[in-house]
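Here is the structure we will look at, set down as structure tokens.
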Amino acid sequence: MLHLQDENRNPIVKAPNTLTQADHTILIFLGNSMVFSDRLLRTLEFEFKDITALRLRAVPDLDDLDDAMKLAADLIIFDEPSMAAYLRTRHMLDPVFSGVGKVLAYSSAKVGRDLRRSVAGSAEEESVRFLPMKASLDAWFAALRLLILGETFVPAELLARRDAVAAEAEPPRQMDRATEDTPQAPLPNLTTREVEVLGLLSRGMPNKTIADKLGLSEHTVKLHVHHVFGKLKVRNRVSATNWYLLHGDALERARGR
């Protein structure tokens with residue numbers, strides 16, 4: 001991977017031009033290097049072996065990419081200012097980017113809620129997704145994995161609230177209203193080991209890798225996974241990951257970790 005610098009000496013991370021979508025998942029991070037640091041992108045590539053991260057400084061840099069890289073891009077992940085710039089200038093970009101998922105990496109939940117309302121009912125609603133930057137690293141990886149898999153989810157903090165829905169053209173969905181009005185359910189009684197297994201599972205690790213990391217047999221890990229699914233009332237790893245994304249921080253705080 002090549003590391004370049006722009007005129008402000010902000011690093012731009014570029015992948016080789018020969019890379020194709022069949023080789024790797026290509027994620028374009030667009031924005032300030034303080035948000036998308038070299039350390040974060042290196043950690044991402046370490047955790048996800050089949051991912052290549054590309055960082056650009058500004059929205060116009062997207063058009064400077066060669067055609068192969070444009071076609072290989074899977075997601076474009078914007079910081080807050082870059083998403084605002086994209087929404088103002090998207091009609092000027094190469095149409096090839098119209099089919100690429102757009103992700104707001106937000107630090108302010110208000111910014112995320114405002115964007116969610118602004119694209120509601122528009123052509124952008126299906127393509128715009130959200131990535132919480134203040135989540136724990138494990139939860140952040142879990143959220144990113146769901147986005148890469150094409151799963152649709154909305155972080156709980158972005159769900160419509162009574163003081164936010166007045167400006168929306170349609171009333172809030174029943175699911176949002178239930179989330180708003182129903183007291184939060186108590187956390188499931190997971191053991192410390194089950195919490196560890198769930199955290200690793202949410203990062204996309206197979207049972208064998210989890211077993212190696214925790215010094216357990218693969219059979220024991222399978223039993224833990226089975227118990228976790230039962231306690232969370234989910235049927236698969238994607239649903240467990242989605243649950244962990246929404247509740248993982250509270251779960252680990254409750255366990256004193």
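Table for the structure above
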read-out	value
Inter-part distance where the range 99-158 and the range 79-93 are each reduced to a Cα centre, Å	15 Å
Packing-based ranking, highest mean first, of 84-96, 123-135 given that Cβ atoms within 10 Å are counted	123-135, 84-96
Per-residue HN-Hα couplings for the range 227-244 [Karplus 6.51, -1.76, 1.60; θ = phi - 60°; Hz; x = Gly/Pro]	5, 4, 4, x, 5, 7, 6, 10, 10, 8, 6, 5, 5, 5, 5, 4, 4, 5
Flagged links, alpha-carbon separation over 25 Å, of K208/K231; K102/K134; K49/K110; K134/K222; K49/K233	K49/K110; K134/K222; K49/K233
Heavy-atom accessible area per residue - the range 61-166, 1.4 Å, Å²	46 Å²
For the range 76-143, size of Cβ-based charge dipole, Lys and Arg +1, Asp and Glu -1, in debye	220 debye
By accessible area with a 1.4 Å probe, ligands and nucleic acids excluded, highest first: order of F97, F229	F229, F97
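The values are calculated or read from the model by the stated rules, or taken from the named source; none is laboratory data. Quantities reported herein were computed from a predicted structural model and do not represent experimental measurements. Neighbour counts run over all protein chains shown; Cβ positions are idealised from the backbone, glycine included. To get the accessible areas, we keep the full protein, side chains included, count just its heavy atoms, and leave off ligands, DNA and RNA. Shrake-Rupley method; radii C 1.70, N 1.55, O 1.52, S 1.80 Å.
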